[in-house]
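Okay, structure first, notes after.
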Amino acid sequence: MSSDFYNISILPYAGIIIKLCRAYTNSQEDFEDYYQEVCLQIWRSKNNFREESQWSTWVYRISLNVCLTLLKKNKKKRQQFASDTIHVELTEDSYAFSDENLNELYRAIRQLSEVDRGVILLYLEEKSYKEIADIMGTNTNNIGVRINRIKERLKKILDGKIN
Amino acid sequence: MEKSIENIWKEGFLKSDALLAPKINNLYNQKSIHVIDKFKRMFKINLIAIVAFSIIFLIVSFIVGIPWMGILFFIALNILVMINKKLLTGLEKIDKGDTSYQYLKAFNLWIKKQVSINKRISTFLYPIIFMSFIIGFWFKDAEGVFLGKRLVNEILIGFPDVYLIYGIPLLGIVVVLIISVLLAIFGGRIYQWDLNIVYGRVFKKLEELLADMERLND
């Protein structure tokens, strides 16, 4: 991967990649692995991009797919350490950000299902329902309902925990 | 009033440390170690399976009265296992502390050496295995006579003019020799085919990883 490709085609979207990867990982090590894998897959699939959607949409879609794939692959390993499929214990990544409210929000997001994590992150990134639906491969109405349900769930989880 | 999740998100990411991208390094460390470990596991299982099969075959050959076949088979397969066990020791010596690229390169070199040695062995192995079948059945006891001798006697009744060399029909010797020579010639290819069935996916993954890394280094 040339540094030009990284600087021009990936770095401007590093923010969303970081945000997505953080939502699917519980340690700095995993986060770095996911981030690197996403970058690698974007580079690998650059020739498949047909400009039917924006490059950013393409990047989000690959990022999400890579995160979901890696999560599935690692699930067996993770289940050895957790009694539930969802990690709720405090790991080193629970303190990844200096903003404690943001850490708390991430802890809540990690308790959501894998797909819901992707949906809410795209919503928080102010992507339109259409773009979210496009990335997630579903219809716009479905996304609206789903986002409301996820927000309710997050509110419940965060109840009293935010300063 | 509690903040909305939208505000927490926006404010949280306003801080400069929140979105530091990790450096792209050691990209393939885990992958390369994973591929090689998988190969090692498969290779060890394969060797154990060959030993187990040769022992079972040896026992069965004695039970069904074809001990020569079992013995030759056992010796041939266990020599193969010993050679490959020795090769495996070389694989264990590859330094995991090297960079992924060097590690994979070293592994690839080891694979090439291993394939080349086994191809040469296959030139002898397949004809030996074939001959062990022929010898095994030839010396099988058939009501007090060797099965081979009995077959020759029956052939002689139907075709009394058959030319014999040391009591074996010439035509039979020629056919066995032709098959053995063909097996010797194509032994390497048969081995390669066998290898691809067992390890094909691992080799493909290895090739992809190396190709990726070489492009990355460009």
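Brief remarks on what is shown
- Length-normalised contact order of chain B in % [C-alpha pairs under 8 Å, at least 6 apart]: 23 percent
- Anchor B:LYS105: lysines whose Cα lies under 18 Å away (excluding residues fewer than 8 positions away in-chain): B:LYS31, B:LYS38, B:LYS40, B:LYS93, B:LYS96, B:LYS113, B:LYS204, B:LYS205
- Normalised radius of gyration (Cα atoms, divided by 2.2 N^0.38 Å) for the protein assembly as shown: 1.51.
- Shielding of peptide A:149-158 by partners, expressed as the average count of other chain Cβ atoms within 10 Å per residue Cβ, is 1.
- Computed lengthening from B:ILE75 to B:ILE55, 0.36 nm per intervening residue step minus Cα-Cα distance: 6.2 nm
- Relative to the longest principal axis of the Cα atoms of chain B, the long axis of helix B:29-63 makes an angle of roughly 20 degrees.
- Helix B:147-158 vs. chain B, principal-axis angle (Cα, 0 to 90°, nearest 10): 50 degrees
- DSSP-loop trypsin sites (Lys or Arg not before Pro) across the stretch A:40-70, with at most 14 other Cβ within 10 angstrom: A:ARG50
- Packing rank of B:169-177, A:33-41, where each peptide gets the mean count of other beta carbons within 10 Å, highest leading: A:33-41, B:169-177
- Orientation-averaged projected area, Cα convex hull of chain B (nm²): 21.9 nm²
- Lys pairs, the stretch A:3-158 - Cα-Cα below 19 angstrom, 8 or more residues apart or on other chains: 5
- Average partner coverage of A:97-110, which counts Cβ from other chains inside 10 Å: 4
- A simple rule links phi to the HN-Hα coupling: the Karplus curve 6.51 cos²θ - 1.76 cosθ + 1.60 with θ = phi - 60°, which for the stretch A:128-134 gives 5, 4, 5, 5, 4, 4, 4 Hz, with x for Gly and Pro.
- Total charge dipole magnitude, the protein assembly as shown, about the Cα centre, Cβ charges on Lys, Arg, Asp, Glu only, Debye to nearest 20: 700 debye
- P(r), alpha carbons of the stretch B:49-92 - 5 Å bins starting at zero, rounded %: 6, 25, 24, 18, 12, 8, 5, 2, 0
- Shielding by partners, peptide A:30-40 (average Cβ within 10 angstrom, other chains): 4
- Rounded, prolate or oblate (a/c below 1.5 giving rounded, otherwise prolate when a/b exceeds b/c) for the stretch A:3-158 by Cα gyration tensor: oblate
- Per-residue ³J(HN,Hα) for the stretch B:199-214, Karplus 6.51 cos²θ - 1.76 cosθ + 1.60, θ = phi - 60°, Hz, x for Gly and Pro: 10, x, 5, 5, 5, 5, 4, 4, 4, 4, 4, 5, 4, 4, 5, 5
- Working note: Karplus 6.51/-1.76/1.60 with θ = phi - 60° gives the stretch B:164-171 the couplings 10, 10, 6, x, 10, x, 4, 4 Hz, where Gly and Pro are set to x.
- Chain B: angle of helix B:67-92 to the longest principal axis, Cα-based, in degrees nearest 10: 20 degrees
- Overall form of the stretch A:97-140 per C-alpha gyration tensor (a/c, 1.5; a/b vs b/c): oblate
Taken together, the values in this text are just the output of simple stated rules run on the coordinates, not laboratory data. It should be emphasised that the depicted structure is a prediction, and the values quoted were computed from it without experimental measurement. FYI the Cβ positions are ideal-geometry reconstructions off the backbone, even for glycines, and counts take in every protein chain you see.
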